[in-house]
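See below for the structure under consideration.
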Amino acid sequence: MRTTITTNCNRRSQARCWTLALVLIVGATLLQPSVAMAQTSMPATENDANSEIVIGFVGGFVHKNDSRHSEVQLGQRLQSAYGRRVHVDVLQNRQVGEAQQEVLRWIDQNSDGNLSVPEKQRAHIILFGHSWGAAAAVSLARELQRNGIPVLLTVQVDTVSKSRQENLVIPENVNEAVNFYQTGGLLHGRSEIRAASPRTRILGNFRFQYKNEPAECHAYPWYDRVFFKGHTAIECDPRVWSQVEDLIRTRLSSDMVMSQVHPGQRKED
């Protein structure tokens, strides 16, 4: 570099050229550690964080944004509490396929279109729903089993099946499952769920009875309250949904404490 500079500079500009050369040499020297540091601080191709996901399903023909319904309210509370740390969505019960695609996209942490074994293992998925939505939650768990993806917890509230749906048997990729139900009126849920594998822990089948509907049901459509009293009562019962929320929040905690749950079984007066 020195020979080139002295050859291309005349006597008047030689001092200025030497100054420029010195600046370039010093600058190159200072930049080398920065480049090395930048190279060593590049992120890994896959994120080591867990993919925490909660998906709920509404029952019947309820719209997923109808905030009168407890499933929607629970989704809104969880989203507000956890923000971007947890993927939360509430869907209509016919949207199992869309929910499956959402899960596959969310757990693909490096966005390469292929799910690695570590990405699947880091998936912490919780599914819940009421009525047809409860059946949809089990259907989604079964679809995820075909993808080799584990599910932490399924919560079913007064499950009602559509044709050809099997929701009494919880698939073996589910770690824990719980069932809340009532037996009054024309429409009522399944009284028992069981596990396809001993690896799945059934937390319980908990029955609720209603002589009087909870006050929260007053916001629901009159025809639901008249024709499907018990089925609507368990959906708007804050006792049920506070327990559902506790189950979910416990499993979303940083240390993933799997505490014993004792859902209440008190009867309405």
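With a 1.4 Å probe and all protein chains left in place, how much of the accessible area of the stretch 99-160 comes from carbon and sulfur atoms, in whole percent? Can you show the working numbers first?
Working: 930 of 1990 Å².
Here carbon and sulfur together make up 47 percent of the probe-accessible area.
Along the Cα-to-Cβ line of Ala195, 7 Å from the Cα, sits a label point; which residues in the stretch 133-156 have backbone N less than 17 Å from it?
Backbone N within reach: 138, 141-142, 145, 150-156.
Given a Förster distance of 35 angstrom, what is the FRET efficiency for Gln121 paired with Asn212, based on the Cβ-Cβ distance and rounded to 0.05?
Efficiency, from the Cβ-Cβ distance: 0.15.
Can you pull the one-decimal nm distance between simple spin-label points at Glu98 and Thr183, each 7 Å off the Cα toward Cβ?
A separation of 3.7 nm, rounded to one decimal place.
For Arg85 and Asp246, what is the calculated FRET efficiency with R₀ set at 30 Å and r taken between the beta-carbons, to the nearest 0.05?
Numbers: r = 18 Å, r/R0 = 0.61.
With a Förster radius of 30 Å, E is 0.95.
Ordered by packing density, taken as the mean number of other Cβ atoms within 10 Å over each peptide's residues, highest first, how do 59-68, 122-131 rank?
Per-residue Cβ counts within 10 Å, averaged per peptide and sorted highest first, yield 122-131, 59-68.
Provide, for q = 0.14, 0.19, 0.25 Å⁻¹, the log10 of I(q)/I(0) from a solvent-free Debye sum over equal Cα point scatterers in the stretch 96-143.
With no solvent term, the Cα-only Debye profile gives -0.38, -0.63, -0.93.
I need the Debye-formula profile for the stretch 80-162: one equal scatterer per C-alpha, no solvent, reported as log10 I(q)/I(0) at q = 0.11, 0.25, 0.26 1/Å, two decimals.
-0.29, -1.29, -1.35
Please list, by residue number, everything in the stretch 115-151 whose backbone N is under 16 Å from a paramagnetic label point 7 Å out along Cα→Cβ of Arg105.
115
Can you give the charge dipole size of the stretch 148-217 about its Cα centre, rounded to the nearest 20 debye, using +1 on the beta carbon of Lys and Arg and -1 on the beta carbon of Asp and Glu? Spell out each step's value before the answer.
On the way: 8 positive and 7 negative charges, 38 e Å.
Taking the Cα centre of the stretch 148-217 as origin, the dipole is about 180 debye.
Working out 0.36 nm times the residue gap between Asn114 and Arg77, then minus their Cα-Cα distance, what length gain in nm do you get to one decimal? Before the final figure, lay out each step's value.
Values: separation 37, 0.36 × 37 = 13.32 nm, distance 3.19 nm.
Once the chain is fully extended between Asn114 and Arg77, it gains 10.1 nm.
Leaving out ligands and nucleic acids, and using a 1.4 Å probe, what accessible area per residue does the stretch 109-222 come to in Å²?
44 Å²
Amide H neighbours of Glu52 under 5 Å, counting only residues 5+ apart in sequence or on other chains, H built in-plane at 1.01 Å?
His87, His124
Which one, Val72, Ser131, Gly97, is farthest towards the positive end of the dipole of the stretch 62-177 when Lys and Arg carry +1 and Asp and Glu -1 on their Cβ?
So the residue furthest toward the plus end is Val72.
Please work out how much length the chain gains when fully extended from Val169 to Phe61, using 0.36 nm per residue of separation minus the C-alpha to C-alpha distance, in nm with one decimal. Show your work: numbers first, answer last.
Details: separation 108, 0.36 × 108 = 38.88 nm, distance 2.44 nm.
Extra length from Val169 to Phe61 when fully extended: 36.4 nm.
The values are calculated or read from the model by the stated rules, or taken from the named source; none is laboratory data. This structure is a prediction, so every number in the text was calculated from the model and none was measured. Cβ coordinates were reconstructed from backbone atoms using ideal geometry, including for glycine residues, and neighbour counts include every protein chain displayed. The area values use the complete protein model at the heavy-atom level, side chains included, leaving out ligands, DNA and RNA. Shrake-Rupley method; radii C 1.70, N 1.55, O 1.52, S 1.80 Å.
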